[in-house]
Amino acid sequence: MKSKIDQGTDPVSCHGLDPEKMPVHVAVIMDGNGRWAKKKLMNRVRGHEKGADTVRSIVTVCRKLNIKVLTLYAFSTENWGRPRAEVTALMALLKKFVTDERQTLMDKNICLGVIGQKERLPGDVGRAVDETIRLTRNNTAMRLNLALSYGGREEMTRAVKQMAEKVAAGSLCLEDISEETVSRHLYTADIPDPDIVIRTSGEKRLSNFMLWQAGYAELFFTDTLWPDFTDRAFMDIIRDYQKRDRRFGKVQCSSNDGSPQ
């Protein structure tokens, strides 16, 4: 019986992707589950369930492509304001996912990570997440990062408070605070910034997601709703990414006269 995260055929060789130009970190704003369900005259929860199937598919592709970090915006700080029944269903779906996928993550050498206010999760959900993190912590091929009760502004506010406390305690000098210092106080301190941020469903905004880390990420917006987002669509984005010229605010000199381009 095949695993839910089945490696299958190597898409790099099949789809002409350049293994030397693969992104290290891909982040995704998974948007459109509710609209997908509404279009099909289904309950919104069914849309979230179908979205979980897409998560499994995209994790599979990232593992095949040797992408080291995949961060999925699963539940924002603002999502706590959704109807109670929907929040409860989302928490149950999260618990089921992190429990059901443990063996698959182990088989594929994928570790689970979380960014956000994990302490706000319901007790049983938090324990299930913690157990999967514990079991997979020594896996090294890839990190699946779930953004749970996450908000970029909350993250930066938290970092500022931590640095202020250290300055007040004398363990950090004000003049020593740099961009690197800020980065070390974010939830993502132990992972590289995303090379790519993808948002599905046609919306063209970051919605409080990785506001600091996405400063030089390549942004991709697609009208496709998350439950309909396919492996092929993901690989098309990677192919487009490989064609982009990432200068990080700098310019390249001409090989002929040394003048900037």
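List of remarks:
- Helix content alone sets the calculated 222 nm mean residue ellipticity of the chain: runs of n ≥ 4 DSSP H residues at -39500 (n - 2.57) each, divided across all residues, give -12500 deg cm²/dmol.
- Relative contact order (percent, whole number), the chain, Cα cutoff 8 Å, 6+ residue spacing: 25
- Cross-link reach list, lysines versus Lys250, counting only Cα pairs under 23 Å and skipping chain neighbours closer than eight places: Lys21
- When the alpha-carbon atoms of the range 76-148 are used, the pair Rg, Dmax equals 12.6, 38 angstrom.
- Cα-centred dipole magnitude for the chain, charges only on beta-carbon of K, R (+1) and D, E (-1), debye, nearest 20: 920
- Largest mean-square fluctuation among Thr200, Thr157, Thr136, in a Gaussian network model of the chain whose springs join Cα atoms under 10 Å apart, belongs to Thr157.
- Computed over the Cα atoms of the range 122-261, pair by distinct pair, the Kirkwood hydrodynamic radius stands at 18.7 angstrom.
- Remark on the chain: Rg and Dmax equal 19.6, 65 Å (Cα only).
Read-outs: derived from the displayed coordinates by stated rules, not from any lab. On a predicted model such as this, the values are computed, not experimentally measured, just so you know. Cβ atoms come from the backbone with ideal geometry, glycine included; neighbour counts cover every protein chain shown.
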